[in-house]
Every structure is written in structure tokens, then in C-alpha cells.
Amino acid sequence: MEEATPEELNPPPRFSHRVIARRGLNLRSGPGTEFSIVGSLPFDTRVNIIKRDGLWALVDRNSDGARTGTRTHHFLRNSKSPGVAASHRCRHAPAWLQPPSQLTTSWRK
């Protein structure tokens, strides 16, 4: 009988979302800009969303189920989708944050 490999015993963590902000993101201690910054997430960091509170998401960076910090979800993309999933388009975000298909091109006329 073969022994299990380390990868089989401890599979790599799976993350549901990734950071899409080129300059990275600040993590806050609560759901609002009035809360202190407790850390940062560099571009393309993988995270799990534990829960949402309005526009804010409680995130887990280590895939251990523990809270790492809070972040608006505008700059977190579903990691399984190469594009912005429809469920992640936010009507509250400014136009320049929306995917190109959401922008109007009236200024080109």
C-alpha cells in the first residue's frame, strides 16, 4: 500500500476571491473608512469572503476561517472567473470601476 503524499494530506488552500487593485488594498478593522487600517492585501492576493455587510466584506487571507480584516468588495473578483462575474458588478461603484462593457462610449461621439 502506498503512503499518502504531503499534498494529499495537506491540500493547498482554496480561495474564493482575489485582489484586482493594482496598488493593493488596505484592510480595516471594521466595515467603514472610520475604522483603523490593520493590514494590506497586495495585487492578486487570494482571499475568502467570510461574510458581507453592505458594500464591505469580512475577509480571510489564510484560508483558516479566521477574520483577517474588512474590505469593500469592489476590488475583489471571483477567482474562478477570468472576467468580472455579473454578481460582482456593483451598481454603487463609480463608472470608472465598472467593467468596460458597462461603460458608455458617448464621449467618443
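Bear in mind these aren't lab numbers, they're just calculated from the coordinates by the rules spelled out. This structure is a prediction, so every number in the text was calculated from the model and none was measured. For neighbour counting, all protein chains shown are included, and Cβ atoms are generated from backbone atoms with ideal geometry for every residue, glycine included.
Footprinting exposure proxy ranking of HIS17, HIS74, fewest other C-beta atoms within 10 angstrom first, gives HIS74, HIS17. A cut-off of 5 Å between modelled amide H atoms, ignoring neighbours fewer than 5 places along the same chain, links LEU27 with VAL38, GLY39, SER40, LEU41.
Full extension from ALA66 to ILE50: what is 0.36 nm times the residue separation minus their Cα-Cα distance, to one decimal in nm? Don't jump to the answer; show the numbers that get you there.
Details: separation 16, 0.36 × 16 = 5.76 nm, distance 0.85 nm.
Residue separation times 0.36 nm, minus the Cα-Cα distance, leaves 4.9 nm.
Using a Förster radius of 22 Å, what is the FRET efficiency between SER29 and SER79 based on their Cβ-Cβ separation? Nearest 0.05, please.
Values: r = 25 Å, r/R0 = 1.12.
The computed FRET efficiency comes out at 0.35.
FRET efficiency for ARG14 and VAL38, Cβ-Cβ distance as r, R0 = 25 Å, nearest 0.05?
Details: r = 24 Å, r/R0 = 0.96.
Once rounded, the FRET efficiency stands at 0.55.
Taking amide H as placed 1.01 Å from N in the peptide plane, SER63 has its amide H under 5 Å from the amide H of ASN48, each at least 5 places away in sequence or on another chain. Less than 5 angstrom separates the built amide H of THR72 from those of ALA57, all sequence-distant by 5 or more or on a different chain.
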